[in-house]
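Student: Sending over a structure as structure tokens; questions will come in a sec.
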Amino acid sequence: MAVVKVGVMGGTFDPVHNGHLAIAGEARVKLDLDEVIFIPAGQPWLKSNMIISPAADRLEMVRLAIAPYPYFKVSDIEVEREGPSYAVDTMAQLKNKLGKNSQLFFLMGWDCLEQLPKWYKIKRLIELCELVALPRPGYSLPDLPSLDEKIPGISSKIIMLDSPRIDISATGIRERVADGLPFSSLVPAAVERYIQDKRLYLAWKSTFTQDSS
């Protein structure tokens, strides 16, 4: 039975934007992935002190954004799971669901690599999947030998990609919406309409704590 190669892209997606789609598309082509699954976080443990939009809104925005692409999927497994969202639990659940002939590739930004020593059960995570590191604006190429000292052998489980380099952040989009500025070039048209119809982020500056997911 052929191996099914599946990319996994987690995040708050508050909102999902064109940068997310470009990253997922680039990884799919370069790694010859069969599909990429977008997984909006329920309550990300690294952002437990931050206010994020309701999961229903973030899930729907992802559904709208990926609708034109048959090789993109969305999963609500982290939203449905109670408590903090840990990547290792998500990967174990996906592996069990997709079967032994699946090969998982966890997509993340270069900036996430330096945080890996703090991740929950990181050694188990790299047993379940390959880590795919993509550029993040403002961050230089990670120091893999230094990371290896903290997590022995991890560099052999990391696939480094040097593109795409896209400077779009969810924080910047929320700011533009709150300020009444145009943002149509940053998100899919269907997501723009959803944000406008639901009047999302209009009071963001006074009620939301900033993050740059």
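Student: Once you order the gyration tensor axes a ≥ b ≥ c over the Cα atoms, which shape class does the range 54-99 get: rounded for a/c under 1.5, otherwise prolate or oblate by comparing a/b with b/c?
Tutor: Cα axes put the range 54-99 in the oblate bin.
Student: Let me ask another. Regarding the chain, what whole-number volume in Å³ per residue does the convex hull of its Cα atoms give?
Tutor: Looking at the chain, the number lands at 120 Å³ per residue.
Student: How far, in degrees from 0 to 90, does helix 18-30 lean away from the longest principal axis of the Cα atoms of the chain, to the nearest 10?
Tutor: 30
Student: Okay, next question. Across the range 148-153, in residue order, what do the Karplus-derived ³J(HN,Hα) couplings come to in whole Hz, using 6.51 cos²θ - 1.76 cosθ + 1.60 with θ = phi - 60° and x for Gly and Pro?
Tutor: With coefficients 6.51, -1.76 and 1.60, one gets 4, 5, 8, 10, x, x Hz.
Student: First select every other residue whose beta carbon is under 12 angstrom from the beta carbon of Pro70; then total the charges, Lys and Arg +1, Asp and Glu -1.
Tutor: 0
Student: Please compute the length gained on full extension between Ser146 and Val4, using 0.36 nm multiplied by the number of residues separating them and subtracting their Cα-Cα distance.
Tutor: Between Ser146 and Val4, full extension yields 47.9 nm more.
Student: Something else about it: Can you quote the Å³ per residue value for the convex hull of the Cα atoms in the range 107-166, rounded to an integer?
Tutor: 76
Student: Quick one: Met91, Met61, Met1, fewest Cβ neighbours within 10 Å first, how do they rank?
Tutor: Met1, Met91, Met61
Student: Still on this structure, I have one more. Whole-Hz Karplus ³J(HN,Hα) for the range 155-167, in order, using 6.51 cos²θ - 1.76 cosθ + 1.60 and θ = phi - 60°, x for Gly and Pro?
Tutor: Result, ordered by residue: 4, 6, 9, 10, 9, 8, 10, 10, 7, x, 10, 10, 9 Hz.
Student: Right, another one. When N counts the residues of the range 102-204, how does its alpha-carbon radius of gyration compare numerically with 2.2 N^0.38 Å, as a ratio?
Tutor: Working it through for the range 102-204, the quotient is 1.38.
Student: As a test of the formula, what do you get for the chain when each DSSP H run with n ≥ 4 contributes -39,500 (n - 2.57) and the sum is divided by the residue count, at 222 nm and rounded to the nearest 500 deg cm²/dmol?
Tutor: Calculated at 222 nm, the ellipticity per residue is -10500 deg cm²/dmol.
Read-outs: derived from the displayed coordinates by stated rules, not from any lab. Keep in mind that this is a model prediction, so the values were computed, not measured. Cβ: placed from backbone, ideal geometry, glycine included. Neighbour counts: every protein chain shown.
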